[in-house]
1. Given ASN151, ILE105, LEU118, which one lies farthest toward the positive end of the charge dipole of the stretch 99-164, if we put +1 on the Cβ of every Lys and Arg and -1 on the Cβ of every Asp and Glu?
2. Going by average Cβ density within 10 Å per residue, which order do the peptides 114-120, 58-64, 182-188 take, highest to lowest?
3. Given Cβ point charges of +1 (Lys, Arg) and -1 (Asp, Glu) and nothing else, what value in debye, to the nearest 20, does the dipole of the stretch 97-171 about its Cα centre take?
4. What order, most packed first, do the peptides 150-156, 175-181 have when packing is the mean number of other Cβ atoms within 10 Å of each residue?
5. Using Cα pairs closer than 8 Å and at least 6 residues apart in sequence, work out the relative contact order for the stretch 118-180, in percent.
6. What is the Cα centroid distance between the stretch 73-128 and the stretch 133-169, reported in whole angstrom?
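Taken together, the values in this text are just the output of simple stated rules run on the coordinates, not laboratory data. Just so we're clear, the structure is a prediction, and the values are computed from it rather than from any experiment. Cβ sites come from the backbone with ideal geometry, for glycine too, and all protein chains shown count toward neighbours.
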Amino acid sequence: MTDLIHASAGTLRGVPAGGAVTAFLGIPYARAERFAALAPQHVPGARQERVVLDEGDERLLGALARDGRAGYPELAHATGWSPATAKRRLDHLRDCGVLFFDVDIDPLLLGFEMVAILWLTVEPAALRHTAQAVAAHPEIAFAAATTGPTNLLMFVACRDTEALYDYLEGGIGSLPGVRHVESAPVIRDSKRAGTTKAAT
């Protein structure tokens with residue numbers, strides 16, 4: 001991070017910094033009840049436990065970064081473990097909240113042409129309640145309590161600018177404890193979650 005800042009020192013004027021404290025995973029682009037049957041057995045962060053990764057774990061995570069659908073035989077080949085060991089270690093990492101699986105969908109493909117980042121300033125006593133409330137909104141793909149100038153970060157996907165306005169007015173404006181909202185529409189993606197596969 002500091003290397004990037006130093007490389008941009010000629011033009012960079014300021015870098016507001018903060019850290020994610022707690023993530024409240026939203027359900028993007030659809031209603032929550034449609035996903036009830038798909039609720040994961042492993043809940044991200046359910047067990048907050050420090051885990052030391054060894055070389056085998058690094059190879060395991062590298063294989064999953066290349067192909068998140070890799071099966072136990074493929075993971076065993078990548079790590080040098082048996083399939084049973086690969087499964088046991090994968091389950092442990094998921095139980096500890098170190099690893100979880102998610103699906104990253106381009107909202108444009110589903111007709112959501114307005115994607116925006118929201119920064120909320122929420123009264124501290126209302127932060128957890130507000131974060132849990134917005135995480136249940138179908139418009140929210142991700143929400144996290146943060147440190148820094150604001151304390152709640154959200155990614156929102158709407159059909160168009162009018163739908164975004166309606167959400168800001170009704171979805172956010174109706175929440176008690178919200179003092180301030182900043183919004184920034186995403187005009188272009190330079191990189192999404194995950195790593196880029198090598199060209200073939």
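1. Checking the options against the dipole of the stretch 99-164, the answer is ASN151.
2. 114-120, 58-64, 182-188
3. Here the size comes out at about 340 debye.
4. Most protected by this proxy first, the peptides run 150-156, 175-181.
5. About 43 percent, as a whole number.
6. 19
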